[in-house]
Amino acid sequence: MSTATPIRRHSFLWRSRNWISLIVLAPAFVLTAFSAPAWSLGFWGVASCETAGWLLFALGATCRWWAMLYISGHKDRQIISSGPYSMCRHPLYLGTLLLSLSFVAFLQSVSLFAGMLVAGLVYFAITLPREEGRLVANYGDAYEQYRRRVPALWPNFSLYASPATISVNLSGLRAELIRAVRWGALPLIAHLLQAARQEAWWPHWMTLP
């Protein structure tokens with residue numbers, strides 16, 4: 001009885017991790033959306049945010065597609081430790097993080113960045129230990145050695161290794177294409193929302209950086 005409760009609690013957090021992160025992020029997003037910018041960045045400030053946004057978006061999308069080429073059809077069958085997985089253990093999550101940060105850059109919002117940071121920390125704190133615990137249970141010492149050698153999210157480019165050819169499962173790429181269409185809406189939504197925030201008719205509940 002003493003061990004069942006933690007297991008159930010852990011399982012509940014795992015199943016609810018997306019909703020928990022959304023609940024954490026939602027107030028920051030709503031307050032940002034209905035606030036007036038605290039300062040004018042000027043041409044170079046806006047240009048810098050736009051450039052950062054597009055770079056983060058391109059890097060995030062590339063990271064996710066590259067990771068899918070290697071893991072599609074092989075997940076839960078073997079340890080993937082080549083290509084992007086040779087440099088970090090969770091390149092798909094890294095790509096998602098970069099795409100999310102591109103939205104923040106397009107909106108030029110420090111407040112939303114803070115909310116995104118907290119939501120990301122909550123999500124990864126729930127997700128990564130559970131996923132890696134499962135992989136250790138499946139692959140034992142082989143995954144422990146991989147985990148000790150390769151960082152979780154921040155890539156170590158000096159570790160890069162890949163075979164000359166890889167086997168690609170197209171069904172996984174089709175699923176990623178559907179996700180890519182959703183991610184592709186981020187720049188449009190961010191630019192429309194940022195333009196609306198500059199207008200006098202838009203509801204401004206407060207002023208936020």
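The values are calculated or read from the model by the stated rules, or taken from the named source; none is laboratory data. Small disclaimer: the values here were computed from a predicted structure and weren't measured. Because the Cβ atoms are built from the backbone with ideal geometry, glycine has one as well, and the counts that use them run over all protein chains shown. Just the protein is used for accessible areas: all its heavy atoms, side chains included, with ligands, DNA and RNA removed. Shrake-Rupley method; radii C 1.70, N 1.55, O 1.52, S 1.80 Å.
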* For Leu22, state whether it is part of a helix (DSSP H, G or I), closer than 19 Å to Ala114 by Cβ and modelled with pLDDT of 80 or more. => yes
* Does the range 123-131 contain any residue that is assigned to a loop (DSSP other than H, G, I, E, B), in contact with a helix residue (DSSP H, G or I) (Cβ under 7 Å, 6 or more places away or on another chain) and among the aliphatic types (A, V, I, L, M)? -> no
* To do: Please specify each residue of the range 164-173 satisfying the condition of being surrounded by 11 or more Cβ atoms within 10 Å (Cβ to Cβ) and without any contact (Cβ under 8 Å) to a residue 12 or more places away in the chain.
  => none
* **Qualifying residue in the range 141-153 (condition: hydrophobic (A, V, I, L, M, F, W, C), under 23 Å from Ser86 (Cα atoms) and assigned to a helix (DSSP H, G or I))** => yes
* Of residues in the range 106-130 being open to solvent by 30 Å² or more (accessible area, probe 1.4 Å) and without any contact (Cβ under 8 Å) to a residue 60 or more places away in the chain, the one farthest from the chain's Cα centre (by Cα) -> Pro129
* **Selection within the range 177-209 - farther than 20 Å from Phe57 by Cβ and among the aromatic types (Phe, Trp, Tyr)** => Trp201, Trp202, Trp205
* Asked: Among the residues of the range 72-93, is there at least one that is open to solvent by 40 Å² or more (accessible area, probe 1.4 Å), in contact with a strand residue (DSSP E or B) (Cβ under 9 Å, 6 or more places away or on another chain) and outside any helix (DSSP H, G or I)?
  -> no
* Structure fact -> In the range 61-79, anything closer than 15 Å to Ala175 by Cβ, without any contact (Cβ under 8 Å) to a residue 60 or more places away in the chain and over 21 Å from the mean Cα position of the chain (by Cα) is listed as none
* Structure fact -> In the set Ser162, Ser158, the lone residue that is more than 20 Å from Val110 (Cα to Cα) and part of a loop (DSSP other than H, G, I, E, B) is Ser162
* Structure fact -> Residues of the range 145-158 being in contact (Cβ under 8 Å) with a residue 40 or more places away in the chain and either among the small types (Gly, Ala, Ser) or surrounded by 13 or more Cβ atoms within 10 Å (Cβ to Cβ) (or both), in sequence order, are Tyr146, Arg147, Val150, Pro151, Ala152, Leu153, Pro155
* To do: Please give the number of the condition Ala161 fails out of (1) more than 29 Å from Cys49 (Cβ to Cβ); (2) in contact with a helix residue (DSSP H, G or I) (Cβ under 7 Å, 6 or more places away or on another chain); (3) surrounded by 13 or more Cβ atoms within 10 Å (Cβ to Cβ).
  => (3)
* **Answer from Val30, Val46 - the residue that is in contact (Cβ under 8 Å) with a residue 24 or more places away in the chain, open to solvent by 50 Å² or more (accessible area, probe 1.4 Å) and at negative phi** => Val46
